[in-house]
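The values are calculated or read from the model by the stated rules, or taken from the named source; none is laboratory data. Keep in mind that what you see is a predicted model, and the values were worked out from it rather than measured. Accessible surface areas use protein heavy atoms only, side chains included; no ligands, DNA or RNA. Shrake-Rupley method; radii C 1.70, N 1.55, O 1.52, S 1.80 Å.
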Amino acid sequence: MTERIGFIGLGIMGKPMAGHLLRAGYPLTVLDIVQTAQDELVAAGARAGTSPQEVAAQSDVVITMLPDSPEVEQVILGKQGVLEGLRAGALVIDMSTILPSTARKVAAAARARGADALDAPVSGGEVGAKNATLTIMVGGAPAAFERAKPILEKMGKNITLVGEAGAGQITKAANQIIVGVTIAAVSEALLLAAKAGVDPAKVREALMGGFASSRILELHGNRMIQRAFAPGFKIRLHRKDMNIVLNTARELGLSLPMSAHVAELMNGLIAHGGAELDHSALVTMFEKLANFEMGAASQ
Ligand code: NAD
């Protein structure tokens with residue numbers, strides 16, 4: 001039997017992801033607080049939902065792709081939320097990047113209603129969402145994962161069940177540490193080169209074949225040199241994710257000094273008006289500290 005899917009949160013990521021499910025032939029109900037976000041999908045054959053509760057009542061599988069933990073709590077656990085309409089045997093898949101502790105809370109609440117839940121955050125950005133090439137990191141029960149797999153395969157490529165509820169969000173937090181700290185390292189490296197009067201573009205090129213080579217040096221390093229700071233992945237969202245990292249570390253009594261540094265630099269950049277810039281713009285925070293801009297040497 002084809003699963004009936006409800007999809008809540010049709011932003012930069014959610015809209016193209018829901019579009020893939022519709023084109024794959026799944027009966028789809030969509031919902032966003034911004035009515036116009038639904039229009040395109042409804043014109044393509046999706047049904048417009050009226051509340052998270054009503055979407056859940058119409059669906060076998062409910063997917064959420066919302067900004068942050070409070071929105072997920074409100075939409076799933078709140079008044080007229082998904083849980084109020086969810087039938088026993090249904091499956092909730094939250095694909096937003098949120099606190100692992102909230103993911104575990106959602107999973108426990110779904111189980112209490114005889115339903116199942118997976119946390120399945122993604123990496124790959126808008127391009128990955130549009131091309132259905134997202135990396136998907138999943139936490140939850142193996143049976144629920146097997147059930148979700150054909151659906152997730154319509155949206156992503158590298159799909160891994162990492163562990164129990166919350167493990168997907170822990171994996172995403174680990175991803176955001178590596179990306180954030182590497183952006184900071186690439187910023188410092190290219191700034192050092194520029195200050196020393198050595199062309200940062202040449203330095204990047206020279207390093208790309210060696211041990212310091214990475215996707216961040218390749219893509220974000222290039223953005224820094226080109227001053228191409230239109231997003232991409234916004235600083236404001238990466239700061240949200242670093243807060244998830246640090247809150248989770250605090251719950252665990254764990255010290256993560258590098259993550260804390262990066263989060264503070266992001267706070268500084270946001271205070272300087274950089275919230276909506278791509279996260280590669282973190283380099284401009286280092287430039288402020290140095291009172292020196294990377295391009296200045298060649299001007
Ligand atoms: P977005 O802000 O573009 O989309 C979120 C959508 O949720 C919006 O359309 C908003 O109107 C809707 N929404 C908010 N509250 C709602 C509610 N109560 N009921 C119904 N709809 C509601 O964000 P996005 O870029 O699509 O990101 C979604 C999630 O995916 C975030 O957690 C983000 O961190 C994560 N993520 C984003 C990217 C990226 O490159 N943009 C990459 C990986 C992961």
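For the reader, a short list of remarks on this structure follows.
- Accessible-area rank, largest first, for 182, 160, 102: 160, 182, 102, with all protein chains present and a 1.4 angstrom probe.
- Every Cα-Cα pair in segment 32-144 was counted, and those over 18 Å apart are 51% of them.
- Split the accessible area of segment 5-164 by element, probe 1.4 Å, and carbon with sulfur accounts for 54%.
- Sorting the Cα pairs of segment 170-298 by distance into bins of 10 Å, from 0 upward, gives 13, 44, 33, 9, 1 percent per bin.
- Stokes-Einstein D in µm²/s, Kirkwood radius over Cα pairs - segment 77-213 at 37 °C with 0.692 mPa s viscosity: 192 µm²/s
- Ranked by solvent-accessible area (1.4 Å probe, protein heavy atoms only, all chains present), the residues 28, 219 order from largest to smallest as 219, 28.
- Dividing the summed -39500 (n - 2.57) terms of all DSSP H runs of n ≥ 4 by the residue count of the chain sets its mean residue ellipticity at 222 nm at -15000 deg cm²/dmol.
- Convex hull volume per residue in cubic angstrom - Cα atoms of the chain: 141 Å³
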